[in-house]
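The values are calculated or read from the model by the stated rules, or taken from the named source; none is laboratory data. Nothing here was measured: the structure is a model prediction, and the numbers come from that model. Here the Cβ positions follow ideal geometry from the backbone for every residue, glycine too, while neighbour counts run over all protein chains shown. Note: accessible area is taken over every heavy atom of the protein model, side chains too, but ligands, DNA and RNA are not part of it. Shrake-Rupley method; radii C 1.70, N 1.55, O 1.52, S 1.80 Å.
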Amino acid sequence: MADEVRTAQPKEFYRKYLEQGVRPDNRELGEFRPTVLDIGSKNGSCISTAEGSALIRLGNTIVICGIKGELAEPKTETPTEGYLVPNVELSAVCSPQFRPGPPSEQAQVLSQFVANVLKNSQCVELEDLCIAPGKMVWVLYADLICLDYDGNVADACVLALTAALSNTSLPVVRVDEETGKTETDFKEEKKIQLTCTPISATSAIFEDNVLLVDPTRQEEELSTGLVTVVTDGKNICSLEKPGGSPLKDQQMRLCIERAFQRHTEACNLITQSQGSTLSTLTSPLVDR
Amino acid sequence: MEVMETSTNSPCLAALTCVLGDLSQADGSASFTHGNTSVLAATYGPCEVRMSKEILDQATVEVVCKPRVGLPNCADKYRERHIRDLFQATILVNLHPRSSVMIVLQERQDDGGLLATSINAACLALLDAGVSMKFLVAAVTALIDKDGNINLVPEEKPSDVEASASLTIVFNEKDLQVMGVTSSGKFSQEQYDRSVSLCRKATEHVFKFYRESMERKLSKSV
Amino acid sequence: MPDTRRITGPEETQSPFAFCPQFLAQSAEAFSDGKRRDGRKAEADHRPVFLKAGLISQAKGSAFAELDKTKVVCAVYGPHEVARREDFSMQGQISCEVKFAPFSCRVRRQHVQDGREKDLSTQLLEALEPAVRLDSFPKSQVDVFVTVLENDGSALSAAITCASLALADAGIEMYDLVVACTARIHGTSILVDPSFSEENLKTVSGEKPGGQVTLGFMPSLRQVSALCYHGDTDLDVLSQATQRCQDTCHKLYQVVQDTLVKSVEQRMNNS
């Protein structure tokens, strides 16, 4: 019976639960779904062909991030800065609403969001990626692939990216100044140092007055607005509220508080996960 | 349609200028300039919508942001999404089910605060077209510099201190609540609260400017 | 023409592997100390296989296959209406798409599907079509999407096995499961389930270049649904390799069946 009401009158279904202060999947309004993170073992990443990788499972949403390093000439106006290029792919695998082909608008917006988070938080010093000023720098391509789209892909992407960057090691590349010859030494490694860990927390606004943290796909569809707050533990790196219903000042304050709480949780998760194996994809599903 | 121009000077905001009804083919248009940032907005609708984008009980708001040079890229799509979600909540969409309201924004000049200028231009264009809205919306950009001082942008006299963060906040006229926010750079919660109160005061001037522009337009066209 | 729909980096980039002489020098030796390069003892040893069905909540059917380091994910959607009315037919249709993730290989791949991926998609379709009861969903289409997360050799056979497991998980009626296996012919040795470095072995001077054969096999019906081969070998070596693949497929079949049973049990426990 509950399933029929859920399909025919989803808003009514949610209203009945929210009156009691709880959500259909037994979560409180400010609770995140169980998060499982896999960063890979010490001698490699969970994807051994990538320089850094992480897989995250936020409830049913699965996002995998792979970091690849390539070499290029730096821009003339910034000869000592490398590049950091993120891209989010919402492929046809993750949901029936995405068709194969060029990135959909949603994927483009998410890519821009992740690029903004990296730029605002300055978690990777671009000067660290320099090999020979003016001649050769590292380009870090961060490719995020969503494998299962069940809402809140933005938070999953930011967490996967931060986790992957925290475990990225590049081979050492040397440029001989006299001959101009480049040589890669795979035996030596250089680990990427993060200056801070940006973590995001998204809340959906339901019926103009209820805030649901970490919305599922159905909650996102029913919501009248979304708020995403990205913090690095001390400051706010990004505050995004793309339109939607108006928010009172104390509601915004609540979102910001939740983001700081999430930051502490997520950082603990990252430190614990460094060293597990790729069992994340195969652990039992939540509410299939 | 006759061309109307109004300008206003407020203590903290740079000069606001607008020309309404410049484009003859569009249902509504506004060329809005704030300091040195200028955006031309045109709206079409409510009119027929593509089957794939149809919503059964509401109008679909479509936004296209065109940069000054080159093809639209991810940053333009990001701006489009902000503006679209904002106006989907502002326009009385339930009055026009299964139709579309299209807003096209052409960037003419960008000297800071492009998103805010685009939102204000779009609101004026919708007013010019006579599309029913729940309330008016206005956006202001605040720059937070390294010392923690907050200035509104575009400014009359640009300061020499480098900005460490910027916030674009959109308010509605009904109860001056926050409709939309976007940020860049790092800032603290206290800086955010101060920016909100400063921007809130500034938007009152923008709303007054909207009213004056519409009064001028309607008083002349008989 | 820059891709305006993605965040782009600099126009020209090079992989760090291009500057490493050891990487560029491919080895011609398949065996060292009597073992294969990744530690396996016999030529006919298959790497440990891990399979799981039903992991993508949004898909009708899905599966994950891991052949030691090679990792493949498959999602199945459908049956739904055909995209174009002209393709209306009393037989159902399957459309396959294979995509390598940009970070799946040593050298980064592009986001756009290249020629190799399109080839693999066609080969996957050829392998799956004979096994599916197409007349059980007339005028409809089933979409199979495969993403290779990490490629350490035998990607096509992993994709075929994963895709047929996903189709079964989706409840699409099939005559039998398709299990696939790859064999690399190098000189006189036939290496079953080659890793990436084995797939790229240099030719031993004086001997034939060798080749690679992938066999898609339906074990219960004892029928071959796909045979993909490229290279230059003697016919009897090739038929030996095909026989080895067949034997391996019989062994893999049990694993695939067990996985399917486990996923059905789990689904029944959850509902």
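What is the number of the single condition among (1) more than 21 Å from B:Ser197 (Cα to Cα); (2) in contact (Cβ under 8 Å) with a residue 24 or more places away in the chain; (3) within 14 Å of chain A (Cβ to nearest Cβ) that B:Ala139 does not meet?
Exception for B:Ala139: condition (1).
Give region C:148-165 a look and list any residue that's within 14 Å of chain A (Cβ to nearest Cβ) and either over 13 Å from the mean Cα position of the chain (by Cα) or open to solvent by 10 Å² or more (accessible area, probe 1.4 Å) (or both), or say none.
C:Asn151, C:Asp152, C:Ala155
So which residues in region C:1-58 are modelled with pLDDT of 85 or more, within 24 Å of the chain's Cα centre (by Cα) and part of a loop (DSSP other than H, G, I, E, B), if there are any at all?
Of everything in region C:1-58, those that are modelled with pLDDT of 85 or more, within 24 Å of the chain's Cα centre (by Cα) and part of a loop (DSSP other than H, G, I, E, B) turn out to be C:His46, C:Arg47, C:Pro48, C:Gly54, C:Leu55, C:Ile56, C:Ser57, C:Gln58.
I need the strands (runs of 3 or more DSSP E) fully contained in region A:3-118, keeping only those with at least 3 residues that are facing another protein chain (nearest Cβ under 8 Å) and farther than 17 Å from A:Leu159 by Cβ.
Where strands (runs of 3 or more DSSP E) fall fully within region A:3-118 and carry at least 3 residues being facing another protein chain (nearest Cβ under 8 Å) and farther than 17 Å from A:Leu159 by Cβ, they are A:61-72.
For region B:30-83, how many residues meet the condition of being open to solvent by 70 Å² or more (accessible area, probe 1.4 Å), of a type in the set (Asp, Glu) and either under 19 Å from B:Thr117 (Cα atoms) or within 14 Å of chain A (Cβ to nearest Cβ) (or both)?
Looking only at that region, the number is 1.
Of all strands (runs of 3 or more DSSP E) completely enclosed by region A:124-202, which ones contain at least 2 residues that are closer than 28 Å to A:Gln272 by Cβ?
It comes to A:136-148, A:169-175, A:182-191.
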